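The values are calculated or read from the model by the stated rules, or taken from the named source; none is laboratory data. All of these numbers come straight from a predicted model, not from anything done at the bench. When we count neighbours, we look across all protein chains shown, and the Cβ atoms used for this are built from the backbone with ideal geometry, even at glycine.
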Amino acid sequence: MDKIKILVADDIEETRAVIKKMLSLEDDQFEVVGEADNGQDVLNLIPKLRPDIVLMDINMPILNGLEATEKITNDYPSVIVIIMSVQAENEYLKRAMFHGAKEYIIKPFNYASLTETIKITYEKYKERQMKLAKGEMRNKEGKVMTFFSSKGGVGKSILALNTAVILSKEEKKKILLVDMDLQFGDLSMLVNKYNHKTILDAVDERQLDSYESIKPYLYKYNEKLDMLFAPGKPESAEYITKDSTQKIIELLKKEYDVIVVDTGVNFNDNTLYILDESEKIFLVSTMEIVSLKNTKLGMRIMQSLGYDKNKVKLVINRYTTNYGINRKDVEDVFKDGIFAMIPEEEKTVNISVNKGLPFCEGDKYNKQKIGKALEIMCKDLAN
Ligand SMILES: Nc1ncnc2c1ncn2[C@@H]1O[C@H](COP(=O)(O)OP(=O)(O)O)[C@@H](O)[C@H]1O
Ligand SMILES: [Mg+2]
């Protein structure tokens with residue numbers, strides 16, 4: 001096994017010496033490749049030393065651990081940062097995690113907690129970090145497109161469903177719609193299929209080793225569009241592990257041209273996996289100020305995950321000027337631009353929800369403003 005390469009950053013020499021000593025007790029597992037006494041040095045050393053992990057103190061001169069963490073997340077997303085903080089630095093700690101640190105350890109720590117924290121964090125993130133390092137985040141197979149927001153009720157499910165329906169009209173394309181809102185997914189309701197099998201049945205009942213083994217759990221919406229629903233009960237979500245999700249998605253990617261994913265607002269391992277897998281993420285917001293604020297936060301989370309701007313697309317749903325906020329105001333907040341504006345059309349949407357019939361069904365869907373806007377969004381995707 002390769003040793004885990006570690007860079008130790010702390011402005012107190014004695015602290016660095018103690019850490020090095022602790023790590024040297026397991027020198028078959030760890031290799032301290034370098035040390036730094038300020039954040040700027042950390043940034044200078046990373047390209048030379050290529051550490052897997054940076055053990056980062058918060059209070060350091062020139063560039064502090066917080067700023068250095070933010071820069072590492074942006075410039076070297078494959079490097080895992082573990083923050084070393086004293087109890088009193090709680091507020092900084094939160095900010096460091098927000099800026100992309102993967103784990104933290106409270107000082108003073110002992111040998112066991114240090115080595116355990118490093119091993120566990122490395123195990124948890126190494127696969128993902130390796131992919132990032134190789135720039136392999138893009139899929140070679142079916143493309144995954146995910147609708148995400150950090151606030152519920154903004155229209156993710158409605159948009160995901162109707163996008164999938166529009167994409168399935170394209171010639172020769174096979175589309176899969178997956179409900180990854182594992183707790184409160186309602187896609188089955190939106191197409192009037194209440195008691196259909198779900199991802200939970202798939203995980204429960206069978207060996208998931210081929211497409212054939214998952215097929216019985218898919219709902220065939222039409223010739224070109226299949227769906228995989230979320231469990232009917234919120235408490236079932238915990239039985240669907242990231243590993244089973246990964247297995248399922250990997251098998252399905254080989255069978256479909258596009259996989260459209262609806263997510264919940266729950267930010268967990270499953271969500272993170274899907275976001276990583278996605279070629280495009282539609283960050284959905286409404287015009288309301290709370291939703292816009294959450295979306296701004298969502299953008300920063302995407303950034304701290306190391307996603308580039310091309311991957312994350314802002315979609316404003318329920319667009320109307322009635323709230324006293326217009327397109328220009330929203331554009332001022334999101335400098336990278338708005339990918340699509342989907343108008344508010346209560347009647348069309350409500351009838352569709354109540355009937356369990358997507359409003360983009362049929363061939364006249366683009367006669368309505370909302371259908372037209374989604375059609376344009378799908379065309380922009382192809383370009
Ligand atoms: N463009 C729209 N125009 C009017 N109402 C909408 C629109 N998009 C969503 N809605 C309303 O918002 C509700 C929540 O949408 P949903 O897709 O379930 O949100 P989420 O999945 O983000 O929680 C829908 O039931 C519908 O009433
Ligand atoms: Mg939803």
Worksheet, complete the sentence: Checked segment 338-364 for anything outside any strand (DSSP E or B), surrounded by 13 or more Cβ atoms within 10 Å (Cβ to Cβ) and of a type in the set (A, V, I, L, M); matches are Ile338, Val349, Val353, Leu357
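Just one of Lys197, Lys151 is surrounded by fewer than 20 Cβ atoms within 10 Å (Cβ to Cβ), of a type outside the set (Asp, Glu) and more than 12 Å from ligand 2 (Cβ to nearest atom); which is it? Show your work before the answer.
Values: Lys151 fails: more than 12 Å from ligand 2 (Cβ to nearest atom).
Sole residue among the options that is surrounded by fewer than 20 Cβ atoms within 10 Å (Cβ to Cβ), of a type outside the set (Asp, Glu) and more than 12 Å from ligand 2 (Cβ to nearest atom): Lys197.
Identify, from the list Glu26, Glu35, Glu13, the residue that is within 15 Å of Tyr122 (Cβ to Cβ) and more than 31 Å from the chain's Cα centre (by Cα).
On the way: Glu35 fails: within 15 Å of Tyr122 (Cβ to Cβ); Glu13 fails: within 15 Å of Tyr122 (Cβ to Cβ).
Criteria check complete, one pass: Glu26.
Is it the case that segment 104-113 has a residue that's away from ligand 1 (no atom under 16 Å from the Cβ), in the same structural domain as Ile53 (by TED's automatic domain parsing) and closer than 22 Å to Leu272 by Cβ?
Keep residues of segment 104-113 that are away from ligand 1 (no atom under 16 Å from the Cβ), which gives 104-113.
Narrowing further to those that are in the same structural domain as Ile53 (by TED's automatic domain parsing): 104-113.
The next check asks that each one be closer than 22 Å to Leu272 by Cβ; those that pass are 104-105.
Yes, there is a match, as at least one residue in segment 104-113 is away from ligand 1 (no atom under 16 Å from the Cβ), in the same structural domain as Ile53 (by TED's automatic domain parsing) and closer than 22 Å to Leu272 by Cβ.
Results for (1) within 30 Å of Met130 (Cα to Cα); (2) not in a helix (DSSP H, G or I), shown as yes or no for each residue.
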{"site": "Val284", "(1), (2)": "yes, yes"}
{"site": "Met299", "(1), (2)": "yes, no"}
{"site": "Thr321", "(1), (2)": "no, yes"}
{"site": "Ile325", "(1), (2)": "no, yes"}
{"site": "Glu331", "(1), (2)": "no, no"}
Response to the item:
With criteria (1) part of a helix (DSSP H, G or I); (2) among the β-branched types (Val, Ile, Thr); (3) within 30 Å of Thr121 (Cβ to Cβ); (4) within 16 Å of ligand 1 (Cβ to nearest atom), Ile248 comes up short on (4)
Worksheet item: Looking only at segment 321-358, which residues are within 16 Å of ligand 2 (Cβ to nearest atom) and within 14 Å of Leu159 (Cβ to Cβ)?
Response: Ile342, Val349, Ser352, Val353, Pro358
Practice prompt. All but one of (1) of a type outside the set (S, T, N, Q); (2) near ligand 1 (Cβ under 9 Å from one of its atoms); (3) within 30 Å of Arg300 (Cβ to Cβ) hold for Arg327, so report the exception by its number.
Written response: (2)
Discussion item. For segment 148-166, check the following and say yes or no: at least one residue is assigned to a strand (DSSP E or B), touching a residue at least 60 places away in the same chain (Cβ under 8 Å) and hydrophobic (A, V, I, L, M, F, W, C).
Written reply: yes
Worksheet item: Would segment 214-236 turn up any residue that is within 12 Å of ligand 1 (Cβ to nearest atom) and either surrounded by 17 or more Cβ atoms within 10 Å (Cβ to Cβ) or over 23 Å from Leu283 (Cα atoms) (or both)?
Response: yes
Item to complete: Taking Val81 as meeting all but one of (1) among the β-branched types (Val, Ile, Thr); (2) assigned to a helix (DSSP H, G or I); (3) surrounded by 14 or more Cβ atoms within 10 Å (Cβ to Cβ); (4) under 26 Å from the mean Cα position of the chain (by Cα), write down the number of the exception.
Response: (2)
Discussion item. So, Thr271, is that one more than 24 Å from Leu314 (Cα to Cα), hydroxyl-bearing (Ser, Thr, Tyr) and within 16 Å of ligand 2 (Cβ to nearest atom) or not?
Written reply: no
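Within segment 167-190, can you find the residues that are among the charged types (D, E, K, R) and in a loop (DSSP other than H, G, I, E, B)?
The initial filter retains those residues of segment 167-190 that are among the charged types (D, E, K, R), namely 169-174, 179, 181, 186.
Once the filter is applied, which keeps residues that are among the charged types (D, E, K, R) and in a loop (DSSP other than H, G, I, E, B), segment 167-190 yields Lys169, Glu170, Glu171, Lys172, Lys173, Lys174, Asp181, Asp186.
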Worksheet item: Considering only residues of segment 169-184 that are at pLDDT 95 or above and not aliphatic (A, V, I, L, M), which is farthest from ligand 2 (Cβ to nearest atom)?
Response: Asp179
Fill in: Residue among Lys335, Lys379 that is out of contact with any strand residue (DSSP E or B) (no Cβ under 6 Å at 6 or more places or on another chain), among the charged types (D, E, K, R) and not in a helix (DSSP H, G or I)
Lys335
